[in-house]
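Below: one structure, written as structure tokens.
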Amino acid sequence: MNKLPDFQGILGGKIPGRIGREIDKMIDDLSPKEVRLKMTSIGEVMISGLLFTFGVESVGLASDKGLCVTVSGEAVDSGRVTFSDFQLITGGQKAKRLDFPLVTKKDGKRIYQLRLTDLRLTDPSQEEYHEKEEDRFLAEMKKQMTFKVMPHFVSGGQEDTPELMISVYPFENPLNGAATDWVNVTDDEDYFLHKLQKKGKKKK
């Protein structure tokens, strides 16, 4: 199995001085020290009644403890935003539909939370290196974890677009290993058209 290149071996051993320190730092940065996830893709906005997609991948150590997906925010806690049709796609396989339960935390606030304890996270530094671009693309696809979920929301006006937090964290390192992002939700099915129209008016 071909792993990350042996930079020092390629360069004929350890390099002294500043360049050597920079190479050592580069190697150190490429070597994962903890279980960690990274958000690889996420939609610009959630639109009520349409599937919203986001994806993560492992960028740290391997783990067999699984991960947890959460969506939270004031609009979730109050019940203004709800979710259905949660789907998980791993390894380029067909989508698997799962329940996405609304749970109450210890502080009394409600969030959507799905615990996926059977998912195994891989260490990217231990993966096989592929010479062909097509093989590298397929390998990238296989390690992606893609999530889809349908939001439901009725706004109180055009400017009513609550912000939600999406977080996917590994159970082995929930504080430092989480992939987190924020996204707004709207019930405007023509959101992108209206956005373009606003930009057009500003240019005039």
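Where a number appears in this text, it was derived from the coordinates with a stated rule and is not lab data. Just so it is clear, the structure is predicted and the values come from calculations on it, not from any experiment. Cβ coordinates were reconstructed from backbone atoms using ideal geometry, including for glycine residues, and neighbour counts include every protein chain displayed.
Determine the relative contact order of the stretch 35-203: mean sequence separation of Cα pairs under 8 Å and six or more apart, normalised by residue count, in whole percent.
RCO, the stretch 35-203: 36 percent.
Could you give each residue of the stretch 60-66 its phi-based ³J(HN,Hα) in whole Hz, using Karplus coefficients 6.51, -1.76, 1.60 with θ = phi - 60°, and x for Gly or Pro?
For the stretch 60-66, the Karplus curve yields x, 5, 6, 8, 10, 8, x Hz.
Would you work out the charge dipole size for the stretch 35-203 about its Cα centre, treating the Cβ of every Lys and Arg as +1 and the Cβ of every Asp and Glu as -1, and quote it to the nearest 20 debye?
Result for the stretch 35-203 is approximately 300 debye, rounded to the nearest 20.
Going by C-beta contacts inside 10 Å, put Lys38, Lys105, Lys199 in order with the fewest on the left. Before the final figure, lay out each step's value.
Working: Lys38 15, Lys105 12, Lys199 9.
Least to most surrounded, the residues fall as Lys199, Lys105, Lys38.
Any chance you could get the radius of gyration and Dmax over the Cα atoms of the stretch 35-203, in Å?
Just the Cα atoms of the stretch 35-203 yield Rg and Dmax of 17.6, 54 Å.
In whole Å, what is the distance between the alpha-carbon centres of the stretch 77-102 and the stretch 156-178?
14
If neighbour count is taken as other Cβ atoms inside 10 Å, put Arg115, Arg80, Arg36 in order from fewest to most. Provide the component values of the computation, followed by the final result.
Values: Arg115 14, Arg80 17, Arg36 20.
Going from least to most buried by this count: Arg115, Arg80, Arg36.
For a quick check: with amide H placed at 1.01 Å from N, whose amide H comes under 5 Å from Ser155's, ignoring anything fewer than 5 positions away on the same chain?
Asp187
Which ordering of Thr90, Thr70, Thr117 is given by a fewest-first count of other beta-carbon atoms within 10 Å? List each step's numbers first, then the result.
Values: Thr90 16, Thr70 20, Thr117 10.
Listing Thr90, Thr70, Thr117 from fewest to most nearby Cβ atoms yields Thr117, Thr90, Thr70.
Scan around Gly43 for amide H atoms under 5 Å from its own, H built in the peptide plane at 1.01 Å from N, and keep only partners 5 or more places away or cross-chain.
So Gly43 has HN proximity to Thr53.
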